[in-house]
């Protein structure tokens with residue numbers, strides 16, 4: 001099974017994945033701060049943007065090396081019983097629900113190879129096959 005990030009999980013791998021957004025915001029803020037404070041060329045944003053790639057790589061490295069012990073797989077919670085299905089139109093029968101009122105069961109269909117009642121059996125000794 002392939003690992004998928006689950007925001008409701010508290011394993012180390014999911015916590016590392018959750019650091020993407022905050023780490024990017026902090027890194028961009030620091031880089032713009034350096035651009036505003038520094039009067040030298042190496043502190044310009046044009047020279048410091050590779051730090052973003054370094055931070056992204058660091059987070060990916062932490063995420064892939066973090067333990068997935070205790071990981072809760074992301075699942076889809078089924079609707080509680082009695083909840084109408086998606087696309088339900090009031091006044092129409094609910095698909096998949098048992099029919100309301102009297103249920104008339106049709107007689108069983110005859111099996112292939114069998115004869116309906118009243119006809120003779122072809123293996124009957126009194127019937128002549130030509």
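The values are calculated or read from the model by the stated rules, or taken from the named source; none is laboratory data. Everything numeric in this text was worked out from a predicted model, so none of it was measured. Every residue, glycine as well, gets a Cβ built from its backbone with ideal geometry; the counts of neighbours run over all protein chains shown.
Within the range 7-38, being farther than 20 Å from residue 58 by Cα and touching a helix residue (DSSP H, G or I) at 6+ places or on another chain (Cβ under 6 Å) holds for 34, 35.
All conditions but one from (1) in a helix (DSSP H, G or I); (2) more than 25 Å from residue 4 (Cβ to Cβ) apply to residue 39; the one that does not is (1). Against the test of being surrounded by 12 or more Cβ atoms within 10 Å (Cβ to Cβ) and either at pLDDT 85 or above or over 25 Å from the mean Cα position of the chain (by Cα) (or both), the options 110, 48, 105 yield a single qualifying residue, 48.
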